[in-house]
1. Based on the mean of other beta carbon atoms within 10 Å per residue, what is the order of 216-228, 179-191, most packed first?
2. What are the ³J(HN,Hα) values, in whole Hz, obtained from phi via the Karplus relation 6.51 cos²θ - 1.76 cosθ + 1.60 with θ = phi - 60°, for each residue of the range 205-222 in sequence order, with x given for Gly and Pro?
3. Using the Cα gyration tensor of the range 99-157, with a ≥ b ≥ c the square roots of its eigenvalues, what is the shape: rounded (a/c below 1.5), prolate (a/b larger than b/c) or oblate (neither)?
4. Dipole size in debye (nearest 20) for the chain around its Cα centre, Lys and Arg Cβ +1, Asp and Glu Cβ -1?
5. Would you pull out the residues with amide H under 5 Å of Lys106's amide H, same chain only if 5 or more places away, H placed 1.01 Å from N?
6. Would you mind checking which residues have amide H under 5 Å from Tyr117's amide H? H placed 1.01 Å from N; only 5 or more apart, or other chain.
7. In a shell of Cβ-Cβ distance under 13 Å around Asn314, excluding Asn314 itself, what net charge do Lys and Arg (+1) and Asp and Glu (-1) give?
8. Using modelled backbone amide H atoms (1.01 Å from N, in-plane), which distant-in-sequence or interchain residues come within less than 5 Å of Ala302's amide H?
Amino acid sequence: MKIIHCADLHLDSKMETNLSAAKAKERKKEILNTFERMVDYAATNQVNAIIIAGDMFDTSRITNSTKNRVLNTIRKNAQIDFLYLSGNHDESNFISIMEDVPTNLKVFGSSWTTFHYPTANITGLVLNESNRKTFYDTLQLPAEQLNIVVLHGQIGQTNSKDKTEIINLNKLKNKNIDYLALGHIHSYIKETLDQRGVYCYSGCLEGRGFDECGEKGFVLLEIENGKVESQFVSFAQRQLIELVFDITPYADWFVIEDKILELVKAYDQTNLLKITLRGKYPIQLEKHIGMLEQKLDQFYFAKIKDETTLVVTNQDVAKDISLRGEFIRQVLASDLTAAEKEQTILIGLKALAGEDL
């Protein structure tokens, strides 16, 4: 038996934090397309079931068009069971308002629900305020069978305040779980649960922001001879990449620019790129961040975040008798914080040079 474990698709996310309206719309379509491509992969590779461990959609933003495409994909792949567990971002009435639920769309509820297959049992539960403290005790799994459990939540302690979707792994140990399929964390994680089983976050199918960098995809499970083997399948159409570059060793901006342009050659230009500049720089260094961003426009999206720190002392401007030197000395002697002094000096120097602020 083959099973796909995926989660956190967040279909119809706004995608507008970094992107233009046109590219945000395009990325929304790409995320939906990646879901459809995954189902095509499942059909081609004789996958029997797809577990969706929460957050298929992104709250009330979901459109009828997206719902219809998802349902059409499910219906036309009747040979595959879709085991759907809603998460904290899902639209709660997605299934309840449907008049004609596809027979191959199986839904987990707020009490333990099990779907039985010849080689495995797949059991899941939607966490809520009423069951979050008791669901551990109500989980009963046969020791002689292979058991997959599906949950959506954050690993932690169940006594955390105001945290409905908290999963205490210690309370799931020795419960005859072979594979714990989790959703909520958007990166792939697989670790040992106990002597018998493992727990796994599949991560999301596509990264949506620079807090979701790296490879994204799903987990393919293969069950044979009473054992389950799993592998992560990288599947995203685009990756989000963040590079950190320390400018401290360089006194020449054009050297910095050349080194960054050389560095990014290793990455596919269809991806989204963020470069974070860090380190310290002297007052003599003139940065041209806007020009560098233009040189990176061969990427699908690129931006530069400047987290560098200006280093300037009275000694640097001691012999500068110009208005510029006097201005810097006055700022350095003020009661401003180090960050405020830096910002004031940078703005002041632009003003003195007649540049746009």
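Read-outs: derived from the displayed coordinates by stated rules, not from any lab. These numbers come from a predicted model, not from an experiment. All Cβ positions, even for glycine, are placed from backbone atoms using ideal geometry, and neighbour counts span all protein chains on display.
1. Ranked from most to least packed, the peptides come out as 179-191, 216-228.
2. In residue order, the calculated couplings are 6, 9, x, 10, x, 7, 8, 10, 7, x, 5, 10, x, 9, 10, 9, 9, 10 Hz.
3. Verdict is oblate for the range 99-157.
4. For this selection, approximately 500 debye.
5. Under 5 Å from the amide H of Lys106: Phe82, Leu83, Tyr84.
6. Here Ile122 satisfy the definition.
7. 0
8. Leu273
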